[in-house]
1. Tell me which of these residue 12 doesn't satisfy, since it passes every other one: (1) at pLDDT 95 or above; (2) more than 17 Å from residue 67 (Cβ to Cβ).
2. Looking only at region 109-119, filter to residues that are under 18 Å from residue 86 (Cβ atoms) and touching a residue at least 12 places away in the same chain (Cβ under 8 Å); which one of those is surrounded by the most Cβ atoms within 10 Å (Cβ to Cβ)?
3. Pairs under 7 Å by beta carbon, first residue at negative phi in region 123-135, partner outside any strand (DSSP E or B) and not hydrophobic (A, V, I, L, M, F, W, C), six or more apart or different chains?
4. Pick from 32, 71, 3: which is touching a residue at least 60 places away in the same chain (Cβ under 8 Å) and more than 15 Å from the chain's Cα centre (by Cα)?
5. Among the numbered criteria (1) within 26 Å of residue 141 (Cβ to Cβ); (2) in contact with a strand residue (DSSP E or B) (Cβ under 9 Å, 6 or more places away or on another chain), which one does residue 2 miss?
6. Residue by residue through region 87-104, note down the ones that are surrounded by fewer than 17 Cβ atoms within 10 Å (Cβ to Cβ) and either touching a helix residue (DSSP H, G or I) at 6+ places or on another chain (Cβ under 6 Å) or under 22 Å from residue 24 (Cα atoms) (or both).
7. Given 32, 12, 71, 44, which one is out of contact with any strand residue (DSSP E or B) (no Cβ under 7 Å at 6 or more places or on another chain), surrounded by 11 or more Cβ atoms within 10 Å (Cβ to Cβ) and not aliphatic (A, V, I, L, M)?
8. For region 15-29, enumerate the residues that are free of Cβ contacts under 8 Å to residues at least 60 places away in the same chain and either surrounded by 12 or more Cβ atoms within 10 Å (Cβ to Cβ) or acidic (Asp, Glu) (or both).
Amino acid sequence: MSKAKIESVVEKIVSDIIAGSALELVDVEYVKEHDWYLRVFLDKEAGIEIDDCQWVSEQLEAKLDDSDLIKDHYYLEVSSPGLDRPLKKEQDFIRHAGDKVELKLYEPVDGKKVLIGNLLGLVDGEVRINMNEQPVSISREKIAQIRLYIEF
């Protein structure tokens with residue numbers, strides 16, 4: 001089974017597990033580093049707790065064992081996406097509207113490959129930010145990565 005298919009099926013399983021809870025599925029990754037890792041990233045309004053991760057991990061592990069979905073040996077990790085989480089889904093853009101974000105671009109725009117501003121939203125495939133009191137729109141295809149910006 002392909003990596004994308006595994007991620008899709010696991011996303012559905014986790015969505016079913018957390019349905020009706022305060023938990024939100026942020027992302028699923030099935031990646032080969034030295035070994036295979038199945039990573040599930042969760043969040044919730046009050047912040048994710050270790051008990052949340054453990055509960056989802058136990059439920060998911062049982063369902064994956066029963067289905068025998070993944071043939072390779074892998075490590076299951078269920079965690080928070082972290083403070084500087086990437087924004088990927090439409091819900092991420094709604095939830096983080098007004099927050100400061102960092103856009104890393106494939107090619108420079110006005111000589112810059114990194115833009116920082118307050119997220120206005122995602123409209124018709126364009127990410128809109130307020131940068132130095134000026135609204136800026138960048139096509140999502142030109143953006144390599146969008147993350148919440150952390151100031152120290």
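1. Answer for residue 12: the failing condition is (2).
2. This residue is 119.
3. From region 123-135, the pairs are 126/140; 127/140.
4. 71
5. Looking at each condition in turn, residue 2 falls short on (2).
6. 88, 89, 90, 91, 94, 95, 97, 98, 99, 100
7. None of the others qualify; the one that does is 12.
8. Scanning region 15-29 gives 15, 16, 17, 18, 21, 23, 25, 28, 29.
The values are calculated or read from the model by the stated rules, or taken from the named source; none is laboratory data. Everything numeric in this text was worked out from a predicted model, so none of it was measured. Ideal geometry is used to build each Cβ from the backbone, glycine not excepted, and the neighbour counts take in all protein chains shown.
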